1. Grab the alpha carbons of the range 213-310, take their convex hull, and tell me the volume per residue in Å³.
2. Using a simple charge model, +1 on the beta-carbon of Lys and Arg, -1 on the beta-carbon of Asp and Glu, nothing else, what dipole does the range 182-340 show about its Cα centre, in debye to the nearest 20?
3. Which one of Pro254, Phe282, Phe299 is farthest out on the positive end of the charge dipole of the range 241-302, using unit charges on Cβ (Lys, Arg +1; Asp, Glu -1) and the Cα centre as origin?
4. Go through Lys575/Lys653; Lys131/Lys609; Lys359/Lys515; Lys212/Lys857; Lys188/Lys853 and tell me which ones have a Cα-Cα distance over 21 Å in this structure.
5. Please list 137-146, 401-410, 469-478 highest first by mean number of surrounding beta-carbon atoms within 10 Å per residue.
6. Could you give the dipole magnitude of the range 108-218 about its Cα centre, charging the beta-carbon of Lys and Arg +1 and that of Asp and Glu -1, in debye to the nearest 20?
7. Using the Cα centre as the reference, give the magnitude of the dipole from point charges on the C-beta atoms of the range 148-210 (Lys, Arg: +1; Asp, Glu: -1; all else neutral), rounded to the nearest 20 debye.
8. Tell me the net charge near Asn141. Cut-off is 13 Å between Cβ atoms, Asn141 excluded, with +1 for each Lys or Arg and -1 for each Asp or Glu.
Amino acid sequence: MSSKRIVGMAILIASLTNLAPATVLGQSETEPAEITSSDDLLELSLEELLNMKITSGSFLELDLKSSALSLTVINQEQIHLSGARHLSELLEIYVPGFQYMHNKWTGIMWGMRGVAADRNTKFIFLVNGHKLNTEARDGANMEVDLGMLGDIERVEIIRGPSGLIYGSGAIGGVVNIVTERYKKDEIKASVTQGTWNGDNFSRQYELSAASKINEHSNIVITGGYRQSDGIGMERGRLYGRPHWPYPQGEENPPGEGVPTSGSAWSTPGNYRFGVDFNYKNFRYYSRYTHQVTNASGYFPVVGWPDFEDGDTLAPDRMIDGQLRNINGFYGKINAGNTNRRQYVINNFTNQFSYELPVKDNSVIFNAGFDMNTNRIQLEDLQSAVVAKANSYSADRHTYQIETFGERRYNASAMYMIRSIPKLQLAVGYQFRLFDIGKDMAGYNAQEEKATHPIVSNVVYVNHAFFGEGVYRLSDHLNAQFGLRYDRHTRTASFGGVVTPKIALVAKANEHNIFKLLYQTSANNGSADNYEFNRNQIGDDGQPFAGNDYHYEKPYERPGGNSTPIPPVTNDILHKLKPERSSSIELTSVHSLLDNRLNVLPSVSYNTIKDLFAWNQSLFRVVNSGSYSFVNAELDVRYNSSNVTLGINHVLSKVANTRLTDNYEEYQLNAFDGYDSVAVGNGVYKYTPKPLKSNIDPTQDSVTTVRVNSIRDQITVNGKNFLNLVTNVTKIYLDYKPTSWLTLHTDARLFWGLTGRRDIHTYSAANPTNPILADYKSYVHNDRYPYLGIHNSLMVKWNLSVNIQANEKLSFSVYAYDILSGARSINSLRWQQSGNSEEHTDLYGVDRTSFAVKLNYKFGL
């Protein structure tokens, strides 16, 4: 068997929920191998590969076989063969059950293991084991569509909760990028050119240089730049009944959807820079990333941004290939600059680590300092139609709708005990400090008003004590256990958070291994959950007082879409409980045909409790109750001398959950319009509704609002998820007919967005099930074009041809989304449903495209 095929087999085993857990440290005749590059992988024997150390999911020095977790490993060769254009696409190709969606108000959203929320605060994103989640608001957002994956050695993905190791945030899973380390002196460069239609192009350049400084030290410097025109202006399409500013009241929208304003997948330029310096047992790693995502490709086209609605002087304009009149459908789309939103994420991380040997044991020190900018600004749309709209702020096209950020400091010490027979134990302490508010330039402001912060300037502190161990009960049975205690500024009143884990790993024989594990996680809220944010603070920088209701933009005359925001106090915000998740999982690995065929089943029962979710009525985040689900996975992998084939299927179903158990009632004031003239400090005030005679005339009229955020996660009958596909199949195949040629293909099959069936097909005139009365506001949903996404197969299919000309030069050709088209269900991405009454958007943006890539290595 060739070395490359052995690599494939080991990675295939690693990339399922279950890696063969045969032995712990000290039981194997060979020490676990530490892998530093793909070239090292090619030279290992099968036994060495199965004893390869992992860097995710455990404090212990465990190999792939003895790791009690659901782990996927994507190596450098898989990244190259797939040609994945960004991290989200890479994860969706290889990780069982993983999918990504769009939220036009925030960007790409991740979904996996029963979790798909309105922000990526349910997943942890790490680089070299260092947590990079933002604590101010949006979580794991800094590299979701950055691109430039050339500096990655491998990506390790934990599916399911992993709070023992990583603390707050690991509700749905963990993604750890492991960057390439020094192996030998060399310079590597790559150039990628892509296109969707011959008119719109993408281009990407990457460079890395590795050099040995002296006998004890080395350095690796990497960099990259990516720019994309996207699929083309107004070539994306929206289907169904999209959210505002789409005219949702229309009964007869265009039958084939409507075009989008801008160009989906466009970016004016992303870039990355990294430095990795090593001296003996000391390592310093620094990484700076700049990610810009244009949201215009997810908003409906605005035909007349420079005319008021219904202006009879507005000329007819060409929209979607036809001359349209402002009095028609397209004239009812709300004009403004919403469709020009552009999301900018800058992140700068500095990581330090040092290992101090203490006889057979060691003390490991880690420290870090991170800075972040989270900004929404306006895209410069070069079009005559939007010329007037582009003058939003004296022709300043980088007008900042909002900008804020944070600084994070952390330090930890861990004592690794290896000297006790049959036992390996790690105990430690971690300190983290979050200085939240200002971005990297020192700003925290809404619409460039220095006194109106996006999030309150606040400092949080988190203390964590943790311990993890593995004990060899017998030659065939190991026990893994651990406990973590976190005390965060905002969870101290609850006594902090305790996160346990326990697992048994049994080796029946050389070919059959079983694992039973119970693991948990908890998640603190972000600062905009716990503190006053832009919605509760006025332009004077002060929170709105007492019981005063106010508008989202209280200094502008309210309109039909103006939102009343109820008052809230610090006490209410600080009573938010931490999110919690737990999972009981049984997994196994079965090796057949001399280890060429591996079958890896898994089944887990999971519970999510007190999930943070946005509520539009209260205009803030609330705890959303609880739900449970069953997740079943089957992964089959085959390897021969020239073929690597992987097929996996995931079934995820809600279980033991009654939606009606999760309703809460709130009393909100009722209003009958607003003062026609601004009063006091310029804030528009509400006019209370007329009071009934039997109600105390001294009290405001009230209305009861029933809040159920679980309703925005699962269907009203408690059977399916709204945002996650119930059945997902993934296939990838690598075929190597010669030593210099590798053919690759991968396909992701989404078997219908089953949970959206009731939303998309319900008609108030013909309700087929009394329980669906909860959807009574969807009067016209069955008249909208959803392309049957609730029961139709959606396929994302890619191909590539990879030629290795010699040791230095390689050339690849990639084809993406081959089955997609302008009006094809295979082109769709769906809106993450933060509000199931309104967020029903479907985006036709995954359009067929092609790319060529040239890689070259220069020897120093």
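Values quoted throughout were computed directly from the atomic coordinates according to the rules given, and no laboratory measurement underlies them. Given the structure is predicted, the values throughout are model-derived calculations rather than measurements. Methodologically, a virtual Cβ is constructed for each residue, glycine included, from the backbone with ideal geometry; neighbour enumeration extends over all protein chains shown.
1. 148 Å³
2. 1080 debye
3. Final value for the positive-end residue is Phe282.
4. The pairs that break the limit, which is 21 Å between Cα atoms, are Lys575/Lys653; Lys131/Lys609; Lys359/Lys515.
5. Packing proxy ranking, top to bottom: 137-146, 401-410, 469-478.
6. 320 debye
7. It works out to roughly 160 debye.
8. -2
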